[in-house]
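Nothing in this text is a laboratory measurement; each read-out follows from the coordinates by a stated rule. Keep in mind that this is a model prediction, so the values were computed, not measured. Using ideal geometry, Cβ is built from the backbone for each residue, glycine included, and neighbour counts are taken over all protein chains shown.
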Amino acid sequence: MTSLRQKYARSAPPDIPAAVRQGFESQNILARIKPGARIAVAAGSRGITHIKEIVAAVIDTLKSAGAQPFIVPAMGSHGGATPEGQAGVLAEYGITEAHMKAPIQAAMDVERIGTTEDGVDVYFSAEALRADGIVVVNRIKPHTDFSGAIGSGILKMLVIGLGKRMGAATFHAAAIRLGYERTIRSIARLSLKSAPILCGVASIENQLHETAKIAVLRPEEIEQREEELFAESKHLMPKLPFDDIDLLIVDRIGKNISGAGMDPNIIGRRVQGFSSSQAEKAPMGANIRRIFARELTPETNGNAIGIGFADFTTSRLVRAIDYRSTAVNALTALTPQSAKVPIFFDTDREAIQQALLSLALPDIRQAKVIRIADTLSLGELEVSEAYQDQIKKRADLEAVNGAGEMKFDVSENLLPIA
């Protein structure tokens, strides 16, 4: 294996408090806030690098206008679909009442606010509806469950996040029949008409998961501007350096890495099923014939959603699974296959050996192997010597050292990526 670095063009990071305040002022949002108004700040998506700083900046900006902001967890059924669990997820991001100097209202109660033209009931957080205004905070990026002109962002937060468990379950049931993008758009449009949405605060990140842009969106422009920001986000999304891969070793998976545990946009395997046949090409992304997932992140709290993408795993990962939270997540999303447990072994060495043998390669020494920390961290990785000739031809790749054998500890498990 060779340690490899992907070279990315980097822009200057924004001043988050200044960008948020400037966005509120330029969009004339502050002028619409009456002194003493109760404003719900909806947040809750995982994997946003500066979520704590963005939410804090929103709260400070609202307070400067004389508002009384409070935080509403907007994360569908995550956190075990309980108020305590959802408040706990926010705390993992550093979003607590003490840090934000604002109360958290984490009740799971919802109200039915209407029905879409497709006959889908629309549910919305009762706590948020009782506010004088709602600010929706989320990162815009490609979604893990579908591809289209929008992905995960403000619209999805309105539909799934603020729909709580009832709204999330209703959405997924409709999306299976009608399509994800169509259902998100139709429910979000009704929510925008029926709920007191003040604005959306959207962020996009670069390939190194640094905040690249923050935009404040008026309710009437959210759908159109989200499409534009989605296109920017998609262009900035990192990817694996090669598309033809025999074995991908993923050190850790978890909800803090991706809503799907491992990002399908990176691994080329979708939540509604995939094939690991060597005779077929992946319909999107890299063509990966085998995936070995080694660990769960501590932050995922045992939620092993996405383990079903892997072909091999370890006994220690299986022991770390919280089956209830994993099942609740998979069943709410109607993706039971994403919670299936693959073949597992006691050591990394045996799992890798069996994964390579399952490929029936003429010469295992020529296997195309890539090892990553997780699907968020693609700047530094390891690749096998089969890629050496391709590395030499790529200006965007830098070999950090020469090729060397995989390094295992005394327990026959891989040492950390250098």
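Taking only the C-alpha atoms of region 121-257, Rg followed by Dmax gives 16.1, 54 Å.
Taking the inverse of the mean reciprocal distance over all distinct Cα pairs, the Kirkwood hydrodynamic radius of region 239-399 comes to 15.9 Å. Result for the chain in a Gaussian network model with C-alpha springs under 10 Å: among LYS34, LYS213, LYS255, the largest mean-square fluctuation is at LYS34. Annotation: the antiparallel percentage among DSSP beta bridges lying fully within the chain is about 40.
With all pairs of different C-alpha atoms in the average, the Kirkwood value for the hydrodynamic radius of the chain is 22.2 Å.
Please compute the net charge surrounding ILE257, taking Lys and Arg as +1 and Asp and Glu as -1 over other residues with Cβ under 12 Å from its Cβ. Net local charge, ILE257 excluded: -2. Checking the Cα-Cα distances for LYS34/LYS63; LYS63/LYS193; LYS255/LYS407; LYS7/LYS368 against a 19 Å cut-off, the pairs over it are LYS63/LYS193; LYS255/LYS407; LYS7/LYS368. If you run the Gaussian network model on the chain, springs between alpha carbon atoms under 10 Å, then out of MET166, MET406, MET100 the most flexible one is MET406. With a simple spin-label model that places each label point 7 Å from the Cα along the Cα-to-Cβ direction, the separation between LEU331 and LEU208 comes to 4.4 nm.
Between ALA212 and ILE204, GLU205, ASN206, the built amide H atoms are under 5 Å apart, and every one of these is 5 or more places off in sequence or on another chain.
Taken over the Cα atoms of region 363-418, the convex hull encloses 104 Å³ per residue. Working from Cα positions, state the angle (0 to 90°, nearest 10) between the long axis of helix 348-357 and the longest principal axis of the chain. For helix 348-357, the angle is close to 70 degrees. Along the charge dipole of the chain, pointing to its positive end and built from +1/-1 on Cβ of Lys, Arg, Asp and Glu, which listed residue (SER411, SER186, ILE51) has its Cα farthest out? Selected residue: SER186.
Amide H contacts of GLY44 (H built 1.01 Å from N, in plane; Pro and chain starts excluded): ALA74 sit under 5 Å, all sequence-distant by 5 or more or on other chains. Across region 291-308, rounded Karplus estimates of 3J(HN,Hα) from the backbone phi angles (6.51 cos²θ - 1.76 cosθ + 1.60, θ = phi - 60°) give 10, 10, 9, 9, 9, 9, 6, x, 5, 7, 6, x, 6, 9, 3, x, 4, x Hz, Gly and Pro being marked x. Amide H to amide H distances under 5 Å link GLU295 with ARG252, ILE253, where only residues 5 or more positions off or on other chains count and H is placed in the peptide plane. Principal axis extents of the Cα atoms in region 1-132, from largest to smallest and rounded to whole angstrom, are 55, 38, 37.
Among ASN301, ASN28, ASN256, which one moves the most in a GNM of the chain with springs linking Cα atoms closer than 10 Å? Looking only at ASN301, ASN28, ASN256, the largest GNM fluctuation is found for ASN28. Taking every alpha-carbon pair in region 320-418 and binning the separations at 10 Å intervals from zero gives 11, 32, 33, 19, 5 percent.
To the nearest Å, what is the center-to-center distance of region 303-358 and region 64-92, using C-alpha atoms only? Region 303-358 and region 64-92 have Cα centres spaced 29 Å from each other. For region 7-236, the Cα-based Rg and Dmax, in that order, read 16.3, 49 Å.
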